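Okay, structure first, notes after.
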Amino acid sequence: MSITKQEFTRRRKQLMAMMEDNSIAILPAAPERTRSRDTEYSFRQDSDFYYLSGFAEPESVLVLIPGREHGEYVLFCREKDREKEIWNGYRAGPEGVCAQYGADDAFPIDDIDDILPGLIEGRERVYYGMGKDADFDHQVMVWINAIRAQVRTGAIPPGEFLDLDHLLHDMRLYKSAAEGRILKRAGEISAEAHARAMRACKPGVFEYQLEAEIHHEFATNGARFPAYNTIVGGGDNGCILHYVDNSDALKDGDLVLIDAGCELDYYAADITRTFPVNGKFSKEQRVLYELTLKAQQAAIDAIKPGRHWNEPHEASVQVITEGLVELGLLLGDVPDLIESEAYKEFYMHRIGHWLGMDVHDVGDYRVGGEWRVLEAGMCMTVEPGIYVAPDNAGVDAKWRGIGIRIEDDVLITKDGCDVLTADVPKTVDDIEALMAAS
Ligand code: GLY
Ligand code: MN
Ligand code: MN
C-alpha cells in the first residue's frame, strides 16, 4: 500500500528538473516536541521531507544538488549508536540511508555545520521553506555566513534565496495513482470508524467514548493515529466548529457531530457525520440535515476538471440559502442574502480544502488572481454545514442548538470525482437503519 522507492526517486527528479540552474535545495526533518518534562509527542516526520525521502527519522536534513558529480541526493542523519539504539530503537545511519533510501551520499548530522557550507558554496541559488521555522531560517544564515567568511579565499556564496514550497507544494497537489490508493484506503478505514461510532451511540454515552470507538477502529486497521484531533460534539457542542474537549455525556433528543479521519501511511482522511444520539432524527433535525445533504450533493456535482475551485462552494451556498429562506430561518431575497453573505450566520466556513499528506493540504487555491481550475488527481473535502447557535434569538427556539456538517473526501477524475468515503451511511434512512440494527 505504501509509496515505492521508485516513486520517491521520481519525486526528487521531478523537483530537481524544476529547480533553476546551479541551485541547491535544503529541507529539515520535523522537530521532536516535548509533551511534558521528559516525555515527547509521538514523532511524525514533516510531510515535505517524507514526500521526497520516505525517511521517518528525526534530526535529519535532506539536500538536493542537481547536477552534482558526486551525487545529487544527500542526507544528513543520526549516526548509528548501539547504546542509543537499545534504548530508543533502530537508526539507519549514513550507510543505511544510502542502501535503503537511495541517498547518493550521507553524513552524520553532527557534522552538518562543517560539510553543508561546502555543498552550498559555488551554487548561485538556495531553495528552502522560508519563514516557517525561525530556528531553521537562522541555521541557513549561519551556513551562508560560513561561506561569506571565506570569500577572500575565493569562496562564492549564493546570491539568491527561493521559496521551495512554491515548487514542492504544487507537486503535492497532484496525487499519483499510488497516493490515490492510500487516500482511498484511509477513507475506507475512517468510514468504518464512523459506522462503528453510530452503532455504539446511545443516550448517556460520553463524547470521549465515541472518540475511543473511532480511534480503536483506526488503530486496528493499521492507522495508529488520527490525521487531526477528533471532534465529537453532542447537542450545542456541534455548533462549535473546532470542539475537541469531547467531555460531555450525549443526551436523548440531541444530534452528535463527529469529525474524524485517520492518517494512513502519511495520508489523511477527513470525514464528518452528524446523527441522532437516540437513533431517530426529530422533524427539525431531519429538515436541516436533508438541506445540508442536498448542498453537499450540489457541491459534489460541481466538482470536475475545468471547473473553478469556487464553484462547489457557490453551489452549496445557493442550496443552503434557498433552503433557509424556505424554512424561515433567513428572511429576504435569495440573491440579496447571498450578496450580503447573510447565510454566514448559519454556514460560516467554506466548502472544503485540499486533502493529502496534511489534512489541510498544501497547494494554492488561487492562481494569477483567479480561483484555481480543478484537475484530475487533485483531492479535496466537501463539507457544508448548518449551525444554529444555541443563543440565536432571531430564530424560532425549535431550531436552536442544531449543528450539522456532512463531510466526504473526493478525488478528481477525468470526468468528475470519486467519493473516497462513501462507505459510511449518509441519508436519514440509512443512518436510522444502521442505528436501529445495533
Ligand atoms: N477536520 C478539519 C476539517 O474538517 O477541516
Ligand atoms: Mn473534518
Ligand atoms: Mn475538512
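Where a number appears in this text, it was derived from the coordinates with a stated rule and is not lab data. Fair warning: this is a prediction, and the values are worked out from it, not measured in the lab. All Cβ positions, glycine included, derive from the backbone under ideal geometry; neighbour counts span all protein chains shown.
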Among the GluC sites (Glu not before Pro) in the stretch 323-382, which ones are in a DSSP loop with at most 16 other Cβ atoms within 10 Å of the Cβ? Mind listing them? E341, E375
For the stretch 216-354, what does the relative contact order come out to in percent, with C-alpha contacts under 8 Å and a separation of six or more? 15
Highest-fluctuation residue, A197, A134, A342 considered, GNM on the chain with Cα pairs under 10 Å: A134
Multiplying the sequence separation of D336 and F225 by 0.36 nm and subtracting their Cα-Cα distance, what value in nm do you get? 35.5 nm
Quote the relative contact order of the stretch 379-426 in percent (integer), defining contacts as alpha-carbon pairs under 8 Å separated by 6+ residues. 36
Who wins for biggest fluctuation among K13, K175, K132 in a Gaussian network model of the chain, springs between alpha carbons below 10 Å? K132
Check cross-link reach from K13 to the aspartates and glutamates: straight Cα distance under 19 Å, and skip same-chain residues fewer than eight apart. D21, D48, E69, E72, D104, D105, D163, D165, D170, E179
Cα long-axis angle, helix 5-18 against the chain (0 to 90 degrees, to the nearest 10): 80
Taking the Cα centre of each part, how many Å lie between the stretch 278-354 and the stretch 366-388? 15
Of the listed links K132/K184; K184/K344; K304/K426; K294/K344; K132/K304, those spanning more than 24 angstrom between alpha carbons are K132/K184; K184/K344; K132/K304
What is the angle, in °, between the Cα long axis of helix 177-200 and the longest principal axis of the Cα atoms in the chain? Nearest 10 is fine, range 0 to 90. 40
Which far-off residues, 5 or more places away or on another chain, put their amide H under 5 Å from the one on H308, with H placed in the peptide plane? L374
Check cross-link reach from K398 to the aspartates and glutamates: straight Cα distance under 19 Å, and skip same-chain residues fewer than eight apart. D236, D252, D254, E284, E290, E326, E345
When the chain is treated as a Gaussian network with springs between alpha carbons less than 10 Å apart, the largest mean-square fluctuation among S23, S190, S36 is found at S36
Long-range amide H contacts for I271: which residues qualify at under 5 Å (H placed 1.01 Å from N, peptide plane, sequence gap of 5 or more or a different chain)? A260, G261
Label model pair D104, K294: point-to-point distance (7 angstrom along the Cα→beta-carbon line) in nm is 6.0
Considering Cα pairs under 8 angstrom that are at least six residues apart, work out the relative contact order of the chain and quote it in whole percent. 13
Just report the Cα centroid separation between the stretch 111-177 and the stretch 182-209, whole Å. 44
Using the Karplus curve 6.51 cos²θ - 1.76 cosθ + 1.60 with θ = phi - 60°, work out ³J(HN,Hα) for each residue of the stretch 210-219 in order, rounded to whole Hz, and write x for Gly and Pro. 5, 4, 5, 4, 4, 5, 4, 5, 4, 5
Spelling out what I want: for every residue of the stretch 243-258, take phi, set θ = phi - 60°, compute 6.51 cos²θ - 1.76 cosθ + 1.60 (Karplus), and round to whole Hz; glycine and proline get x. 5, 10, 5, 6, 10, 9, 7, 7, 10, 3, x, 8, 8, 10, 9, 10
Given a Förster distance of 35 Å, report the FRET efficiency between I86 and T4 from their Cβ-Cβ distance, rounded to the nearest 0.05. 0.65
Between H70 and V151, the two model label points (7 Å from Cα along the beta-carbon direction) sit apart by a distance in nm of 2.6
